[in-house]
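In what follows, a structure is listed as structure tokens, so that the remarks can point back to it.
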Amino acid sequence: MSELAATSELRAVVGELRRQQVMDLVRGAAFIGTLLLAWITLHPFVDLGNQQLKDTTTGNETATYLVFGGITVLTVALAMRDNMRGLATLLTPAYLLFGGWIVVTVVLSLDPGTSVKRFALTACVIAVAAALPLLAKSQGELVRWFSIAALALLAVCYLGILLVPNLSIHLATDIQEPQLAGNWRGAFGHKNVAASVMAMVVFLGIYVVRSGAWLSGASVVVLASLFLLNTASKSSLALILLVLALTSLTSIVRSYWLRAVMLLAPLMVLALLGVGTVMNESLAAIAKLLPLDSSFTGRTDIWEFALQSLQLRLATGYGFEAFWGTDAIRNVPQGLEWAEYASHSHNGYLDTALSMGLPGLALLIAVLVLVPLRNFQTADSGGNNGPLTMAFLRIWLFGLYLSSLESFFLDRADPTWFTFLVAVFGLHYLARFRARE
């Protein structure tokens, strides 16, 4: 009887180990697969010569909605299975207020159908990004998973350059922006999206190197940096250097308020010398004295139109994601017909105000600017001041700066938005839980 009991116990132990191994594989596959889905999308290598859509990004096809719906169920279920405490910490007043106001703007939208549809995918993407950091049980798993995902993305993009350059590099025959001919875009729909993701991947590569995986980490940093250079995206190239410099100083500057001034001052400068130039003639004059394109590659025209439109609906905006590409901008004044074909205003903060009014913009600043900074300070002072926290800080800060020149906040399954979200939620968890080695 004792031998039978021992055998039965052994089988139970073996069975439990096998189930654990299967779950480990499922967690890893879900993490890596989700990142690759967000980065590469279901429709990579878009032929811009035949593109009929106003927006070259994905996120508005039925397949994308269905896949992200399934991924949401899987990742949230896995997170609930192993880390329900982590998910419960997301029920903060700031997150709840922001989510509540988004729902209000969906209800009050001038185009409720569009708002509901776009909100559904955005909500799924936010849920997936919130669950993803909780799937790993240790930093060792995170290092492996980020390495595999980053190298897979880079492999796809470089193979695209080699095998299908007409679908991976901007061409003079592109319907939109033929002047970008020669700039790399890889699997992405635009070189600016490729550049922003590659910059964020560089930060992940540095994290992998600092965590001890020198070969894979260095490979990610070198390959992503080379690709970033070939996108010729001046904004991302300048911002990645600025972010690396400023975040490195956080090891010296320890005060929360000094860090806030140091990290957020460039954001204020970008706002004043960007959108601010179309609101104030003195700022416009200052911008013209600087060694840069004072029109920000034609962005000033679209900022001026967006600000004029915003003045009509300051309280609630036009509805969640219900301005660009909707009936809200039909029958525009003569000379502004181009606005009907714009997909965003090239400024995430301005687009947020257009969608959700000034209250929505204020809540977004609280949730995506102030709260993550406080979370970083808490994590850093609480002992979670390792390479992972620094990687999330850099991705978050880069996204904040870039949003002064590009628009990806709340943009459904946008690759830059998703990666930015993972960093925001990562800082949230690191402020509350000790990262396992």
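The values are calculated or read from the model by the stated rules, or taken from the named source; none is laboratory data. Nothing here was measured: the structure is a model prediction, and the numbers come from that model. Glycine also receives a Cβ, built like all others from the backbone with ideal geometry; neighbour counts cover every protein chain displayed.
Of note:
- The number of residues in the stretch 140-165 that are surrounded by 21 or more Cβ atoms within 10 Å (Cβ to Cβ) and not in a helix (DSSP H, G or I) comes to 0.
- Being of a type in the set (Asp, Glu) and out of contact with any Gly (no Cβ under 9 Å at 6 or more places or on another chain) is a property that residue 141 lacks.
- Note on the stretch 90-139: among residues that are modelled with pLDDT under 95, closer than 21 Å to residue 422 by Cα and more than 22 Å from the chain's Cα centre (by Cα), the one that is surrounded by the most Cβ atoms within 10 Å (Cβ to Cβ) is 137.
- Each residue in the stretch 338-366 was checked for being more than 19 Å from residue 312 (Cβ to Cβ), at pLDDT below 95 and part of a helix (DSSP H, G or I), and 3 of them qualify.
- Whichever residue in the stretch 292-313 is assigned to a helix (DSSP H, G or I) and of a type in the set (Val, Ile, Thr) and, among such residues, is modelled with the highest pLDDT: 302
- Cβ separations smaller than 6 Å between residues 6+ apart or across chains give the following pairs from the stretch 204-215 residues that are over 16 Å from residue 395 (Cα atoms) to residues that are aliphatic (A, V, I, L, M) and buried (at least 19 other Cβ atoms within 10 Å of the Cβ): 211/143; 213/143.
- Figure legend. Inter-residue proximity from the stretch 295-315: first residues among the aliphatic types (A, V, I, L, M), second residues modelled with pLDDT of 75 or more and exposed (fewer than 14 other Cβ atoms within 10 Å of the Cβ), beta-carbon distance below 8 Å, spacing 6+ or different chains. Indicated pairs: 307/279.
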